[in-house]
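*Asks:* The structure under discussion is supplied below as structure tokens; questions concerning it will follow.
Throughout, read-outs are computed from the coordinates displayed, never taken from laboratory work. The shown structure was predicted, so the numbers you read here are calculated from the model rather than taken from an experiment. Because the Cβ atoms are built from the backbone with ideal geometry, glycine has one as well, and the counts that use them run over all protein chains shown.
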Amino acid sequence: MIHFSGYDDVINRIYGHRQEHVFKHWDELNDADKKHLLDDLKNIDLELMEKLYAGKPQDTAAFTPAPFIELPKTAEQKAAQAKAAQTGVEFIKKGLAAAFVVAGGQGSRLGCEGPKGMFPIAPISGKTLFQIHGEKILAYSRKYKTSIPWLVMTSVDNHDDTLDYFEKMNFFGLGKNDVFIFPQNMIPSLDTDGKLVLENPCSIFKNPDGHGGSLAALSGSGTLEKMKERGIRLISYFQVDNPLIKIIDPEFIGYHILYGADISSKAIPKAYPEEKVGVFVKFNNGRTGVVEYSDLPAEKTTQRGKNGELLYRAGNIAVHLFSLDFIESLTSEKKIALPFHTARKKLPVYAGEIEGFKFEKFIFDAITMTERSVIMETLREDEFAPVKNAAGVDSPETSQRLMIELHKKWLTQRGVSIPQRVSVIEISPLTAVAPEDIPSGLTVPNKEEVEL
Ligand code: UTP
């Protein structure tokens with residue numbers, strides 16, 4: 001057994017859990033590195049890792065489709081929508097809402113170096129995802145004459161690069177005191193035998209603990225407390241890779257308030273039965289939740305209602321509102337932890353690439369933690385253009401096309417004519433974050449690429 005003064009407990013625990021292979025390079029390490037490794041190990045919950053490796057039976061609870069607020073068609077629905085929007089505007093103007101982007105992911109499918117938020121996506125200006133989000137938040141702050149704090153969750157791997165970029169971009173015009181950047185927690189990955197693996201001779205290989213780790217990170221970083229002190233009551237959660245996101249949406253916020261919800265979610269109708277999005281369901285215990293596409297039984301995937309629509313069509317686009325009190329209750333002393341999900345992945349560890357398991361929390365599991373949850377249907381083309389893959393579906397190309405289409409739609413809605421020659425249009429968030437912001441009398445120049 002190895003020895004190191006002051007670390008008997010940790011060393012005993014590691015041997016007790018039969019993880020002593022992590023000391024493979026012990027004799028080559030200097031004292032500082034030995035201490036580094038032991039400090040790293042000290043923070044690992046080995047009981048939890050064993051439980052995760054053993055897995056737990058899949059939740060096979062029965063469910064039916066979750067009800068949701070449909071896109072308004074009738075006069076009554078339109079009146080409800082207008083009331084929600086009005087309620088939302090009043091709430092936002094009082095400075096009670098904060099924006100929260102989760103940007104700790106590894107962006108492996110896109111294959112970009114560095115934080116995914118620094119990926120250039122705007123079709124003409126080449127603005128990055130972060131810049132588009134930052135300018136939107138600035139525009140909302142101006143529109144509603146308030147300051148909207150922006151919370152940014154990073155991961156250990158991309159935290160410094162993200163901070164440097166925000167500094168370099170002068171926080172996109174937002175006050176430095178209105179931007180809160182904090183890293184999420186990490187959790188060890190395991191090899192297929194349930195063993196910890198080394199990232200290098202003196203550190204354990206870990207991965208960010210999933211977007212569901214964002215609630216614990218909000219609380220653990222002290223950001224939740226700061227928001228509370230500021231009087232914030234609602235956190236608008238979104239993912240970094242969707243440039244069409246309506247970060248602050250009065251109607252959505254209004255419904256959340258009017259329904260007294262703890263958490264609200266946006267849904268879009270699935271484009272086709274096998275589309276790879278989770279669907280909102282109502283479990284037997286009456287609670288709403290999300291079932292991942294991979295867990296939805298084949299017969300339910302294709303099941304249609306009387307009107308021919310897919311029964312399980314309310315697709316989850318990971319846009320949520322959280323009441324601050326609810327996050328507090330989930331992350332407080334008597335916390336109800338979100339579960340971890342296991343994914344078998346290739347892990348680039350010290351010894352080379354191996355097969356192993358990554359563990360992640362998913363944000364939508366928070367929905368099942370309350371009875372007070374609302375789902376609002378929205379139009380895909382108005383707010384969902386994720387950048388996930390380098391090419392094909394959900395790629396920069398499809399995302400840019402959707403951005404251009406939406407901006408053309410806004411201009412058309414405002415009666416602005418678009419000359420035939422124009423093929424690419426980009427509207428800066430500082431010009432408009434919604435069609436009604438487009439100045440009346442605006443003309444679109446007759447050239448191929450138009451930036452407004
Ligand atoms: P994705 O599940 O699409 O993962 O994350 P990803 O890491 O961006 O990309 P891949 O799967 O490696 O290709 C959806 C959102 O959740 C955030 C991401 O930054 C993105 O905004 N996320 C994901 C985190 O913040 N932390 C995580 O641990 C995982």
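*Asks:* To the nearest 10 degrees, how steeply does helix 75-93 sit against the main Cα axis of the chain, on a 0 to 90 scale?
*Replies:* 60 degrees
*Asks:* Nearest 10 degrees, 0 to 90: what angle lies between the long axis of helix 396-413 and the longest principal axis of the chain (Cα atoms)?
*Replies:* It works out to around 30 degrees.
*Asks:* Taking only C-alpha pairs under 8 Å that are 6+ residues apart, what is the relative contact order of the chain in percent?
*Replies:* Values: 829 pairs, mean separation 90.2, N = 452.
That works out to 20 percent.
*Asks:* To continue, here is another question. Below 22 Å, Cα to Cα, which lysines can Lys34 reach? Residues fewer than 8 away in the same chain don't count.
*Replies:* By straight Cα distance, Lys34 reaches Lys24, Lys42, Lys195, Lys206.
*Asks:* To continue, here is another question. I'd like the FRET efficiency for Arg13 and Ser423, computed as 1/(1 + (r/R0)^6) with the beta carbon distance as r and R0 of 56 Å, rounded to 0.05.
*Replies:* Values: r = 63 Å, r/R0 = 1.12.
The pair Arg13/Ser423 has a calculated efficiency of 0.35.
*Asks:* Between Leu151 and residues 5 or more places away or on another chain, which pairs have amide H atoms under 5 Å apart, with H built 1.01 Å from N, and which residues are they?
*Replies:* Result for Leu151 returns Ala99, Phe100, Val101, Phe180.
*Asks:* Please name whichever of Gly111, Met153, Cys202 sits farthest to the positive end of the charge dipole of the range 106-215, dipole taken about the Cα centre and charges placed at Cβ: Lys and Arg +1, Asp and Glu -1.
*Replies:* With unit charges placed on the Cβ atoms, the residue in question is Met153.
*Asks:* Hey, what number do you get for the chain at 222 nm if only DSSP H runs of n ≥ 4 count, each worth -39500 (n - 2.57), divided across all residues, to the nearest 500? Before the final figure, lay out each step's value.
*Replies:* Numbers: 13 runs with 133 residues, N = 452.
Helix-only estimate at 222 nm: -8500 deg cm²/dmol.
*Asks:* Okay, next question. Need the C-alpha centroid separation for the range 176-193 versus the range 271-342, integer Å.
*Replies:* 24 Å
*Asks:* With label points built 7 Å along Cα→Cβ from the Cα atoms of His341 and Glu309, find their separation and express it in nm.
*Replies:* 2.5 nm
*Asks:* Here is a further query. How high is the relative contact order of the range 269-344? Use alpha-carbon pairs under 8 Å, at least six apart in sequence, and give a whole percent.
*Replies:* Averaging sequence separation for qualifying contacts and normalising by length gives 27 percent for the range 269-344.
*Asks:* Applying a 10 Å radius around every beta-carbon, put 252-261, 35-44 in order of their mean neighbour count, most first. Could you put the intermediate results ahead of the total?
*Replies:* Values: 252-261: 20.7, 35-44: 17.5.
Top of the packing list down: 252-261, 35-44.
*Asks:* When DSSP assigns beta bridges and you keep just the ones with both residues in the chain, what percent turn out antiparallel, to the nearest 5?
*Replies:* Values: 38 of 62 bridges.
For the chain, the DSSP antiparallel bridge percentage is about 60.
*Asks:* Something else now. Placing unit charges on C-beta atoms (Lys and Arg positive, Asp and Glu negative, everything else neutral), compute the dipole magnitude of the range 96-163 about its Cα centre in debye, rounded to 20. Walk me through the numbers before you get to the answer.
*Replies:* Numbers: 7 positive and 5 negative charges, 99 e Å.
The calculated dipole for the range 96-163 is roughly 480 debye.
*Asks:* I've got another one for you. Reachable lysines from Lys300, Cα under 17 Å, same-chain residues fewer than 8 places away excluded?
*Replies:* Excluding near neighbours in sequence, the set is Lys270, Lys276, Lys282.
*Asks:* Further question on the same structure: Just how large is the dipole of the chain about the Cα centre, in debye to the nearest 20, putting +1 at every Lys and Arg Cβ and -1 at every Asp and Glu Cβ? If you can, show how the numbers build up before the last one.
*Replies:* On the way: 54 positive and 61 negative charges, 327 e Å.
Using Cβ point charges on Lys, Arg, Asp and Glu, the chain gives about 1580 debye.
*Asks:* So which lysines pass the test for Lys246, namely a Cα distance under 18 Å, with those fewer than 8 places away in the same chain ruled out?
*Replies:* Candidates past the 8-residue exclusion: Lys93, Lys127, Lys136, Lys143, Lys145, Lys266, Lys408, Lys409.
*Asks:* Please compute the length gained on full extension between Tyr272 and Asp31, using 0.36 nm multiplied by the number of residues separating them and subtracting their Cα-Cα distance. It would help to have the intermediate numbers written out before the result.
*Replies:* Values: separation 241, 0.36 × 241 = 86.76 nm, distance 5.81 nm.
Full extension of this stretch gives 80.9 nm more.
*Asks:* Report the extension gain between His21 and Ala82 in nm, rounded to one decimal, defined as 0.36 nm multiplied by the number of residues separating them, less their alpha carbon distance.
*Replies:* Values: separation 61, 0.36 × 61 = 21.96 nm, distance 6.24 nm.
Extending this stretch completely gives an extra 15.7 nm.
*Asks:* Relative to the Cα centre, what is the charge dipole magnitude of the range 314-417, using +1 at the beta carbon of each Lys and Arg, -1 at the beta carbon of each Asp and Glu, and rounding to the nearest 20 debye? Working shown, then result.
*Replies:* Values: 14 positive and 15 negative charges, 42 e Å.
That gives a dipole near 200 debye.
*Asks:* Could you sort the peptides 68-75, 396-403, 26-33 by per-residue average Cβ neighbour count (10 Å cutoff), highest mean leading?
*Replies:* For the peptides 68-75, 396-403, 26-33, the packing ranking is 396-403, 68-75, 26-33.
*Asks:* Projected onto the charge dipole of the range 9-61 (+1 at Lys/Arg Cβ, -1 at Asp/Glu Cβ, origin at the Cα centre), which of Val22, Tyr53, Val10 gives the Cα projection farthest towards the positive end?
*Replies:* Most positive-ward Cα: Tyr53.
*Asks:* Next question, about the same structure. Among Phe326, Tyr350, Gly308, flag the residue with its Cα farthest along the positive direction of the charge dipole of the range 284-415, charges on Cβ as +1 for Lys/Arg and -1 for Asp/Glu.
*Replies:* Gly308
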